[in-house]
1. Would you kindly derive the ³J(HN,Hα) couplings of the range 38-52 from the backbone phi angles with the Karplus curve 6.51 cos²θ - 1.76 cosθ + 1.60 (θ = phi - 60°), listing them in order in whole Hz, with x for Gly and Pro?
2. If each residue of separation counts as 0.36 nm, what is the full-extension length gain between residue 16 and residue 343 once their alpha-carbon separation is subtracted?
3. So, by mean Cβ neighbours within 10 angstrom, what's the order for 253-259, 6-12 with the highest one leading?
4. Convert each backbone phi in the range 346-361 into a coupling constant with the Karplus relation 6.51 cos²θ - 1.76 cosθ + 1.60 (shift: θ = phi - 60°), then list the ³J(HN,Hα) values in order as whole Hz, x for Gly and Pro.
5. If each residue's Cβ is checked for other Cβ atoms within 10 Å, how do 161, 39, 198, 105 rank with the fewest at the top?
6. Ranked from highest to lowest mean number of other Cβ atoms within 10 Å per residue, what is the order of the peptides 132-142, 358-368, 84-94?
7. Kirkwood hydrodynamic radius of the range 217-278 from all distinct Cα pairs, in Å?
8. For the range 223-235, what does the Karplus curve 6.51 cos²θ - 1.76 cosθ + 1.60, with θ = phi - 60°, yield as ³J(HN,Hα) per residue in whole Hz, taken in order and with x for Gly and Pro?
Amino acid sequence: MIKSEVKTDFPILKRMVNGEPMVYLDNAATSQKPQSVIDKLTDYYVSTNANVHRGVSTISVQATDEYEAARSATASFINAPSSRNIVFTRSTTESLNWIASGYADNVIQPGDEIVITVAEHHSNIVPWQQVAKRHHATLKYVTLAANGQIDMADAKQKITDRTKIVSINQVSNVMGAINPVTQISEIAHQHGAVMVVDAAQSAPHIPIDVQAIDADFLAFSGHKMLGPTGIGVLYGKAERLAEMQPVQFGGEMIDMVTQQTATFQPAPLKFEAGTPNIAGAIGLHAAIDYLNQIGMAEIHRHDQELTKRCIDKMKQIPGIIIYGDDDPVNHNGVVTFNVAGIHPHDVATGLDMEGIEVRAGHHCAQPLMNYIGVESTVRVSFYFYNSNADVDRFIKALETVKEFFANEFDEAEPTI
Ligand SMILES: Cc1ncc(COP(=O)(O)O)c(C=O)c1O
């Protein structure tokens, strides 16, 4: 059971917005940071700031130890076999781009196929479009079942012996459904394809075991799971990282350089050219410690409880269209909806006037918007520091917004 006092660990959650205590419900975009992560970043700059992997000075060794401890903690967090499976990047976007240009560019041949789903974030679509374009390959899209999850019958049809890469989100940033990535990974491997998992929305919310999934690659961002911005993770199986080429070149990643040639370090260092985001990695470590203290299974349970409360109450309000299943079980902390007759941006602006912070737009998922037949939606997304009271404030504000626009509409109606 997550105690409501957990909120006090997050200084920003005390702030006001438009004269109201803020309720932050845009966690799928980015999470807030606990004091322990903020303190760790300050502490690093106050006491240990030095470059890593370079010096023999005391603080350089300390900084390197802390940076490498962050790698080990990240490996344990997703049950990776070794810290050598963990490459630090800038974000999920960067991790996916590196897989596309460092790995896929070397294996994709004309006529090959890459399989994704209609529910991917643009950062798991556009890099694959580029690979397909460069190599005259085909990008295929798996459709969704009524519950918002991947349609497994369609996945089985689309993944064939021509498929070289399957890249799929574990949790959709719009639908919230948890996809059966372990089953999809098995199908991909039966056809000799490589399985890439976009874990941007799952790593912050559910326990992840890369070995159980048998993922070849998996990507996520620190900022969505209490960590700082600018730090991301690329997990790869040892053999995949050995096959993958560095995307950036320079200091740190080399073994030996002559005037005309260079040899590289083994993974993960061969991918981390230049001075890495040392503070970001150390901040991510503090974030992982915090999450582990609460427990990922408990976080998942809490997210589900809030989502159920939210959907049950939303269903009582006429004119609310919830996308995906109306069973809360298939919305892991994410509810995407529209209010009939009100533009999503107006809904979000109205909620903001009441201190409720949500997201409206296409959520970087235009193919999905097209698939569900809308241009944009409103999205509320919960995290473990949200409470039942936050859900109730949101519902009350939603009713107020609806009422406001209904009155506006009445007043605007011509009186003949
Ligand atoms: C499912 C999914 N994939 C990828 C991303 C990209 O993450 P980032 O912007 O941190 O690179 C996001 C961000 O919202 C996401 O939700």
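Computed from the coordinates by the stated procedures, all read-outs in this text should not be read as laboratory data. The structure displayed is predicted, hence computed values, not measured ones. Virtual Cβ from ideal backbone geometry, glycine too; neighbours counted across all protein chains shown.
1. 4, 5, 5, 5, 5, 4, 4, 5, 6, 10, 10, 4, 6, 7, 9
2. Details: separation 327, 0.36 × 327 = 117.72 nm, distance 2.52 nm.
Working it through step by step, the gained length comes to 115.2 nm.
3. On the way: 253-259: 11.3, 6-12: 15.4.
Averaged packing, sorted descending, gives the order 6-12, 253-259.
4. 5, 4, 5, 5, x, 5, 4, 4, 9, x, 9, 9, 10, 10, 10, x
5. On the way: 161 10, 39 13, 198 30, 105 16.
Going from least to most buried by this count: 161, 39, 105, 198.
6. Numbers: 132-142: 16.7, 358-368: 19.8, 84-94: 22.5.
Descending mean neighbour count gives 84-94, 358-368, 132-142.
7. Hydrodynamic radius (Kirkwood, Cα only) of the range 217-278 equals 12.9 Å.
8. Listing the rounded values in order: 5, 8, 10, 6, x, x, 6, x, 10, x, 10, 10, 8 Hz.
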